[in-house]
Every structure is written in structure tokens, then in C-alpha cells.
1. Quick check on segment 8-22. Is at least one of its residues outside the structural domain of VAL103 (by TED's automatic domain parsing), touching a His at 6+ places or on another chain (Cβ under 8 Å) and at pLDDT 95 or above?
2. Looking at GLU97, GLU102, which is the one that is buried (at least 17 other Cβ atoms within 10 Å of the Cβ) and either farther than 19 Å from ARG30 by Cα or out of contact with any strand residue (DSSP E or B) (no Cβ under 6 Å at 6 or more places or on another chain) (or both)?
3. Considering each residue of segment 55-80, count those that are touching a residue at least 24 places away in the same chain (Cβ under 8 Å), within 25 Å of the chain's Cα centre (by Cα) and surrounded by fewer than 16 Cβ atoms within 10 Å (Cβ to Cβ), and give that number.
4. Among the residues of segment 12-54, how many are assigned to a loop (DSSP other than H, G, I, E, B), in contact (Cβ under 8 Å) with a residue 40 or more places away in the chain and on the phi < 0 side of the Ramachandran plot?
5. Residues of segment 112-142 being of a type outside the set (D, E, K, R) and crowded, with 21+ Cβ neighbours inside 10 Å, which ones?
6. Which one is farthest from the chain's Cα centre (by Cα), of the residues in segment 96-120 that are in a strand (DSSP E or B) and modelled with pLDDT under 90?
7. Look at VAL132 and say whether it is of a type in the set (Val, Ile, Thr), part of a strand (DSSP E or B), touching a residue at least 60 places away in the same chain (Cβ under 8 Å) and under 30 Å from ASP47 (Cβ atoms).
Amino acid sequence: MSPGDRLVVGLVRGFHGLRGAVRVESLTDRAEERFSVGRSLFVEGGDTPLTIAEAQPDAQGWRLRFAEVADRTAAETLRDVYLEAIVAPAEQLPRGEFYWHEVIGASVTDVDGTALGKVADVYRAGGAEVVVVRGPAGEVDVPLVRAVVRIFAPARGEIVVDGEALGLRGPGDEAGRESETAGTADTAGTADTASAGETAAEAGTADVGTAAAAETVEGEGSVQS
């Protein structure tokens, strides 16, 4: 990412009250920073800033009121809209950390060299990032945890996983990979799914990072956004 680029940081899910407040699903690990009073957000693809006048976390995410949105009628135009923030000059990620969109397209292979496909999507479930891999064997969900991922190097487009740990094959059983998968991505639009706007393909560039497993070329990464 370069300074001036935009990241998707939230999705407007609903409204609160009559003064134009909206309920926002956070798509960032830096919610307190991104949604602080005085910060400006943008409707995805738009040029008009929305200045945060009030911000309050709640059970569903964040409740925001923008200075430019005077009432509920105006707020209703923001329903299901993605909100973007501008990347500041000092926001470059440390070595070993990556935004989700930087992982999309990486090739995924088993430790035995079998190609599983490419990363088509990323979502978060149970506090961990999960990549959706699509390839010859169908769709496989791969949690980015050390027990599964052996090499995590999105910068060069490489992820190596333990197929046995994923249940794609048993010990010494190479034939089982074709018929077994680790599940499919839930695209129902809930807070923990890819359809909530986390990916570059569906909602611009998301302001979320990925967790690198141990033994990566870049070093051990961490969740960062």
C-alpha cells in the first residue's frame, strides 16, 4: 500500500435513532483509530468525505454519526455501503505482516508438493484468519495457524500447508486428497464471512491483515491492519 491509497474499514449495516447515526460492521483491526471522532471516511469509490462527529462501539460493531449526515433519511442512503479510509504515510506494515488483499492470488501447495489451488478469498472466524483456496480438488478453507501453515510468503505468492493437518489426507495417504476438503467458505454476509467485504475483489482493498504461520521466509507475522 502507498500513502493516499484507500482501505475498506467498515460496512454500514443499519441505523440508530433519528439524528443520522449508522451502525457499522468493523472490517479493521484498528477500529478505535479508524473510527475516532474527527477522522474522515469515504463511501467506496466516492470523493466526498464523511467526518466522524460521534463514535461509540456497541455489540454489533460501531455506532457512527457523520457531520454531513443530518438525519435518518440521509443515513438510509448509506445502507450496505462500504466505508474507506485513506492510508497515512506512516502506515506501512512491519516485515512479515500483510493486508488481506495481498494474500489473494497466492498459490497454495501441500508439503508433499501437490498443488491445491490459489487463494480466492479471506475471512475471519473464531479470531483467526482463514483463506479460501480454489483449485483442482474444489474449495478448501485453510486457517492461518502454525499447526497448518508451514510456509507463508504472500510477497512471492507462496503458501505451503500440511494437508494431513487439514484432513485432506491421512498419514501416508496421498490418494485421499482428491475426495476430502476442509469445508467451504460461508458467504452468508455475517461478520465473520468473506462476503462482509473483506476482500479486494469484492469490496476494494480491505483494512485487515493476515496471520503468518511459523517458518515463513518473511519471518513470523502477526495479525495487523
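The values are calculated or read from the model by the stated rules, or taken from the named source; none is laboratory data. Model, not experiment: these values are computed from the prediction. Cβ atoms come from the backbone with ideal geometry, glycine included; neighbour counts cover every protein chain shown.
1. Looking through segment 8-22, at least one residue is outside the structural domain of VAL103 (by TED's automatic domain parsing), touching a His at 6+ places or on another chain (Cβ under 8 Å) and at pLDDT 95 or above.
2. GLU102
3. The number of residues fulfilling the criteria is 5.
4. Result for segment 12-54: 8.
5. LEU116, VAL119, VAL122, TYR123, VAL130, VAL131, VAL132, VAL133, VAL140, VAL142 - these are the residues of segment 112-142 that are of a type outside the set (D, E, K, R) and crowded, with 21+ Cβ neighbours inside 10 Å.
6. PHE98
7. Answer is no for this residue.
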